[in-house]
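Taking it in order: structure first as structure tokens, then the write-up.
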Amino acid sequence: MHVVQIASELSLNPRQVLATAELLEGGATVPFIARYRKEVTGSLDEVAITAVRARLTQLAELDARREAIFASLVERGLLTDELKDRIGRAATMTELEDIYLPYRPKRRTRATIAKEKGLEPLAQLVFAQDPATDPVAQAAAFVNAEKGVESAEDALAGAKDIIAEWVNEDQTARTRVRELFQTEGTFHTKVVAGKEAEGCKFEDYFDWEEPVAKAPSHRILAMRRGTREGFLRMQVSVPEDQATRILEVLFVKGQSPCSILVREAALDGYKRLLAPSMETEILVETKERADKEAIKVFADNLRELLLASPLGRKSILAIDPGFRTGCKVVCLDRQGQLKYNDVVYLHHADKPGSADAVKIAALCQRFEIEAIAIGNGTASRETEAFVRAIQLPSGIPVIMVNESGASIYSASDVAREEFPDYDVTVRGAVSIGRRLMDPLAELVKIDAKSIGVGQYQHDVDQPMLKQSLDDVVVSCVNSVGVEVNTASKELLQYVSGLGPQLAQNIITYRNEHGPFNSRGDLKEVPRLGAKAFEQAAGFLRIRDAANPLDASAVHPESYHVVDAMATQAGCAVADLMRDDSLRRKIRLQDYVTETIGLPTLTDIMQELAKPGRDPRKQFEVFSFAEGVNKMEDLQPGMRLPGIVTNVTAFGAFVDIGVHQDGLVHISQLADRFVKDPAEVVKVHQKVMVTVVAVDLTKKRISLSMKDPSKPAPAPRADSKGKSGPTSKSGPATKSSSKGKSKPISAPTSNPKPTTGGIKLKWTELW
């Protein structure tokens with residue numbers, strides 16, 4: 001299972017890798033292994049376990065490809081002991097394919113045609129480069145009109161075609177030229193003639209160059225998108241003299257007539273075969289790199305959003321704002337159940353004492369409303385102002401809620417199943433209210449790609465993206481835990497060991513038999529066997545169960561340990577959970593066994609202190625600046641509170657309450673150099689920003705998080721003395737004296753942000 005190799009690559013103990021691999025092979029999930037098998041893995045966390053799983057998958061794919069190559073070679077009688085050994089030792093897919101390339105079945109090429117004409121012996125003779133060999137004289141012997149070899153020149157041309165293919169298929173040559181492309185390669189993009197106007201959104205790339213090794217993921221994806229849409233031509237090149245020098249060192253021996261022919265053949269092989277092949281490889285390699293970086297950004301943002309602070313179980317009045325169609329109002333009880341819905345026209349009212357305003361106040365009293373949630377879409381700030389002016393019962397907070405993806409949910413099968421008798425407007429308002437109560441429980445009902453916290457998610461590898469986002473959702477759900485008697489099917493399906501079918505079976509059993517009274521009752525659910533129970537039980541919570549441990553993260557397999565602790569302390573388990581002085585009497589070393597060590601015992605004690613603790617931060621009420629409701633209200637220099645809605649490789653988008661997110665470019669995130677925006681900001685983080693520039697026509701807002709009292713530093717130059725690009729997805733450019741596009745220096749004041757040519761709307765990067 002490649003244990004030693006993986007251990008070396010990930011700096012782990014081989015025993016840790018082996019144990020993790022065995023657990024994964026046995027069907028254990030990443031959260032379960034990380035939480036309940038610490039003694040087995042040496043306390044590996046989810047990141048390390050996921051890395052082991054990913055590498056196991058990669059190496060399994062490598063082994064599968066290796067076996068397929070073996071089978072192909074055996075079938076054609078080409079497998080020698082030496083070749084078998086080389087293939088067996090190949091450590092990467094690239095190395096494996098390089099070894100196999102000369103033996104791979106191929107279409108007819110110039111080289112194969114030359115071989116069919118019997119010119120391979122001549123090619124071998126020339127390739128040997130014996131100074132005494134006269135290639136023209138030797139070629140004369142291969143002239144054969146019947147085979148299409150009309151002259152010695154024709155024979156030598158065919159021989160060079162064969163040598164060119166040998167050069168292209170040589171493993172050492174490919175390795176060294178590949179390294180040259182990786183280290184010295186340059187991306188070039190040009191606008192397709194006649195597409196300038198139609199492709200204006202990609203204007204930053206109409207004449208652009210950038211080193212392959214330094215190109216950030218978002219610009220690679222931007223260039224590829226422009227190419228895919230037919231507006232750009234994209235290529236990768238290296239200094240030809242460096243490439244040909246590599247080949248000359250490898251293949252050319254001296255200055256004999258044969259050597260001259262080999263040099264010509266090598267150059268032809270490079271231009272016609274090797275360079276295009278390497279260019280394709282680099283494009284694939286950089287795409288994979290860009291995908292991984294973009295997916296990581298998406299995954300990190302999604303984690304922060306899913307783990308946003310919940311308001312908790314409160315009676316909620318939720319409003320989906322609107323002007324023309326009115327505001328959709330719903331009332332939810334503490335379990336998130338819909339109790340009332342209506343449409344009110346708050347913006348048609350003359351004053352806060354109007355009938356609809358009175359209705360809102362009455363609803364708050366009737367349903368004992370504890371908080372009001374208002375979606376942050378169209379008319380949100382106007383609705384917020386109107387609601388705040390109403391004479392509401394004291395102490396009811398009015399909270400803006402990010403409604404991104406709510407429309408997706410409202411039209412989904414999940415929503416139709418939950419609310420078959422209500423239209424999409426009601427479902428959307430319910431989603432807004434539930435998001436305030438518990439963002440995680442509600443957001444799992446929406447395709448993660450629709451939540452709006454990624455960049456270029458439609459351009460990246462979709463299976464890889466799905467795997468990564470699913471991992472994040474699973475991790476978040478299991479880190480928080482799930483109340484089994486109130487959870488939706490969509491939430492339950494992400495619990496370790498369950499999945500859609502078992503989640504549905506739990507819901508069905510709950511509906512038929514009433515709430516679960518203990519974790520043990522879960523064993524009665526159809527098809528929920530011992531393995532699924534083992535994986536899931538610790539992450540499921542049952543509030544007010546007979547056994548108080550059922551509401552904690554203590555796994556049922558460890559209940560006997562807690563019982564023994566309580567017996568030693570001379571109290572009940574519930575007393576042990578309530579009284580810290582009793583817990584302090586417990587010596588964990590007394591309970592260490594072959595299967596339960598100090599890591600698990602420490603976790604148990606932490607759970608006893610705070611049973612079912614929620615890892616999410618305490619909810620804090622946030623309010624946007626009063627009187628700043630639309631872009632027209634913004635002025636440069638304003639200091640405003642905001643909430644981070646998306647973090648990308650080039651900066652962060654911030655909602656400041658004007659229906660259009662502003663961009664804090666990476667250069668404006670802090671008073672120091674910032675390499676990665678995630679170092680400074682997280683999704684859903686509350687920040688203070690300064691308005692730098694407003695473009696009403698293009699609906700762009702440029703913001704800064706720098707201390708306005710400090711002087712702006714000089715632009716930070718790169719290794720070539722140029723400042724980095726200023727655009728969010730591609731470089732801002734200006735024409736140099738030579739007509740080439742050059743990056744503009746990052747602004748230090750009053751920057752005018754650019755789109756990087758990807759989307760007409762600034763916020764539509766995903």
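Leu78 passes every criterion in (1) touching a residue at least 24 places away in the same chain (Cβ under 8 Å); (2) in a helix (DSSP H, G or I) apart from (2). Being part of a helix (DSSP H, G or I) and more than 30 Å from Pro397 (Cα to Cα) holds for only one residue in Thr593, Thr602, and it is Thr602. From the list Ala114, Ala90, the lone residue that is among the hydrophobic types (A, V, I, L, M, F, W, C), surrounded by 13 or more Cβ atoms within 10 Å (Cβ to Cβ) and within 38 Å of the chain's Cα centre (by Cα) is Ala90. Selection over the range 25-39 of residues that are buried (at least 18 other Cβ atoms within 10 Å of the Cβ), of a type outside the set (Phe, Trp, Tyr) and assigned to a helix (DSSP H, G or I) gives a count of 7.
The residue pairs whose first member lies in the range 549-567 and is under 15 Å from Thr600 (Cα atoms), whose second member is part of a loop (DSSP other than H, G, I, E, B), and whose beta carbons are closer than 6 Å, counting only pairs six or more residues apart or on different chains, are Ser552/Pro611; Ser552/Gly612; Met565/Ile586.
With respect to Pro310, determine if the residue is within 26 Å of Asp423 (Cβ to Cβ) and not hydroxyl-bearing (Ser, Thr, Tyr). For Pro310, the condition - within 26 Å of Asp423 (Cβ to Cβ) and not hydroxyl-bearing (Ser, Thr, Tyr) - is not met. The residue that is nearest to Arg510 (Cα to Cα), counting only those in the range 530-548 that are out of contact with any His (no Cβ under 9 Å at 6 or more places or on another chain) and among the aliphatic types (A, V, I, L, M), is Ile542. Of the candidates Ala546, Ala532, Ala553, the single residue that is within 30 Å of the chain's Cα centre (by Cα) and in a loop (DSSP other than H, G, I, E, B) is Ala553.
Scanning the range 673-711 for residues that are surrounded by fewer than 16 Cβ atoms within 10 Å (Cβ to Cβ), over 23 Å from Val401 (Cα atoms) and over 20 Å from the mean Cα position of the chain (by Cα) yields Phe673, Asp695, Leu696, Thr697, Lys698, Asp707, Pro708, Ser709, Lys710, Pro711. If you filter the range 568-589 down to residues that are touching a residue at least 12 places away in the same chain (Cβ under 8 Å) and either in contact with a Pro (Cβ under 7 Å, 6 or more places away or on another chain) or among the charged types (D, E, K, R) (or both), you find that the one that is surrounded by the fewest Cβ atoms within 10 Å (Cβ to Cβ) is Asp580. What do you reckon, is Val473 part of a helix (DSSP H, G or I) and surrounded by fewer than 23 Cβ atoms within 10 Å (Cβ to Cβ)? Spelling it out, Val473 is indeed part of a helix (DSSP H, G or I) and surrounded by fewer than 23 Cβ atoms within 10 Å (Cβ to Cβ). When the residues of the range 20-41 are filtered to those that are touching a residue at least 24 places away in the same chain (Cβ under 8 Å) and of a type in the set (Lys, Arg), the one that is nearest to His555 (Cα to Cα) is Arg35. Out of all the residues in the range 388-398, is one or more assigned to a helix (DSSP H, G or I), under 21 Å from Phe323 (Cβ atoms) and either more than 39 Å from the chain's Cα centre (by Cα) or basic (Lys, Arg) (or both)? Among the residues of the range 388-398, at least one is assigned to a helix (DSSP H, G or I), under 21 Å from Phe323 (Cβ atoms) and either more than 39 Å from the chain's Cα centre (by Cα) or basic (Lys, Arg) (or both), which makes the answer yes. Considering the range 142-179, the residues that are part of a loop (DSSP other than H, G, I, E, B) and within 57 Å of the chain's Cα centre (by Cα) include one that is nearest to Ala213 (Cα to Cα), namely Asp170.
Can you name the residue in the range 152-190 that is hydrophobic (A, V, I, L, M, F, W, C) and touching a strand residue (DSSP E or B) at 6+ places or on another chain (Cβ under 6 Å) and, of all such residues, is surrounded by the fewest Cβ atoms within 10 Å (Cβ to Cβ)? So the residue we want is Phe187. Looking at the structure I just gave you, is Ala265 in a helix (DSSP H, G or I) and either of a type in the set (D, E, K, R) or under 15 Å from Ala159 (Cβ atoms) (or both)? So Ala265 fits the description; yes. Considering only residues in the range 310-328 that are crowded, with 16+ Cβ neighbours inside 10 Å and out of contact with any helix residue (DSSP H, G or I) (no Cβ under 7 Å at 6 or more places or on another chain), the one that is farthest from Gln457 (Cα to Cα) turns out to be Ser315. Just wondering, is there one or more residues in the range 364-384 that are more than 24 Å from Glu304 (Cα to Cα), modelled with pLDDT of 90 or more and touching a helix residue (DSSP H, G or I) at 6+ places or on another chain (Cβ under 8 Å)? Yes: one or more hits. Let me spell it out: the conditions are (1) touching a Ser or Thr at 6+ places or on another chain (Cβ under 8 Å); (2) not in a helix (DSSP H, G or I), and Thr486 meets all of them except one. Which number is the exception? Only one criterion is unmet by Thr486, namely (1). Note on the range 203-236: residues that are part of a strand (DSSP E or B) and crowded, with 18+ Cβ neighbours inside 10 Å amount to 5.
When only residues in the range 489-519 that are assigned to a helix (DSSP H, G or I) and β-branched (Val, Ile, Thr) count, which is surrounded by the fewest Cβ atoms within 10 Å (Cβ to Cβ)? Result: Thr508. Condition check for Asn485 on (1) free of Cβ contacts under 8 Å to residues at least 40 places away in the same chain; (2) more than 28 Å from the chain's Cα centre (by Cα): one failure, at (1).
The values are calculated or read from the model by the stated rules, or taken from the named source; none is laboratory data. Note that this is a predicted model, so its numbers are computed, not measured. Cβ coordinates were reconstructed from backbone atoms using ideal geometry, including for glycine residues, and neighbour counts include every protein chain displayed.
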